[in-house]
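First comes the structure, then the notes that go with it.
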Amino acid sequence: MPRPAIDGPHTQYYDSYVCRGFLQSRTSLTITVAILICLEAPHTHSPERRAILLTRSIRTLPVVEKWDCQCCGLCCHGNTIILDKDDLSKLRSQQWEKHPEFRGMKTVVRESLLGARRVLAKRADGACVFLNQEGRCRIHESYGAVAKPAICRMFPLQIVTLDHTSLLTLRRSCPTAAADHGRTLDKHLAPLKRSGLVDRFASSA
Ligand code: SF4
Ligand code: SF4
């Protein structure tokens, strides 16, 4: 199973309210997740904007939200992991083509035939190419949590940026987040700030 990243791996970009009606259909869920991942891909900000995001306070919501990754692996199946420049550079330096189990296998592919964006390859069953038989992330096993793509490290945490503040909240598509299991979100703030992920994931509300 995938191991915790900064404090949990992973990625699924859809909102529980949006998807409530789709949960009975795995196919519909997969399509919905892929579409919404695309809408929330990591993006870059201007240096000024980045500076603001890095220095401004990030607050949790005025409700208690709890989460700690339980390594269920759900977010490593059927999702599209979009890779940014940093992710691609890390993956290149990891030289997966030299690992015996990845020889001759693509780990990064184009998102679509004509698209420029690169994503992690998937296995035939829709699982991430790096998810091993034991349900663990091979990148994490070999190189540690910080070596994984940013989306994997961030999920299910999300930052919503308002005019004068930023809010840290959870994506409820993670079953552990939906069940409010784990530490309260304020405990995740410090590691998140240290991780360098804040500016990559702050989104305008
Ligand atoms: S879905 Fe949630 S609990 Fe399961 S592996 Fe992903 S982050 Fe961890
Ligand atoms: S790289 Fe793949 S296996 Fe690893 S955490 Fe991300 S989605 Fe899961």
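Every read-out reported here was derived from the displayed coordinates using simple, explicitly stated rules and does not represent laboratory data. From a predicted model like this one, the values you see are computed outputs, not experimental measurements. A quick note on method: Cβ atoms are made from the backbone with ideal geometry, for glycine too, and the neighbour counts reach across all protein chains shown.
See the values below:
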| item | result |
| --- | --- |
| Difference of contour (0.36 nm per residue) and Cα-Cα distance, R123 to E101 | 6.6 nm |
| T161 long-range amide H proximity, modeled H, under 5 Å | L167, S203, S204, A205 |
| Distance between modelled label sites at A178 and E141, nm, 7 Å Cα→Cβ extension | 2.8 nm |
| ³J(HN,Hα) computed for each position of the range 180-186 - Karplus, 6.51 cos²θ - 1.76 cosθ + 1.60, integer Hz, glycine/proline x | 6, 9, x, 6, 5, 4, 4 |
| Long pairs among K85/K193; K66/K122; K66/K90; K98/K193; K106/K193, criterion Cα-Cα beyond 26 Å | K66/K122; K66/K90; K98/K193; K106/K193 |
| FRET E, pair R92, Q70, Förster distance 35 Å, beta-carbon r, rounded to 0.05 | 0.65 |
| Under the Debye formula (equal points on every Cα, no solvent term), log10 I(q)/I(0) of the range 69-205 at q = 0.11, 0.15, 0.17 Å⁻¹ | -0.44, -0.82, -1.04 |
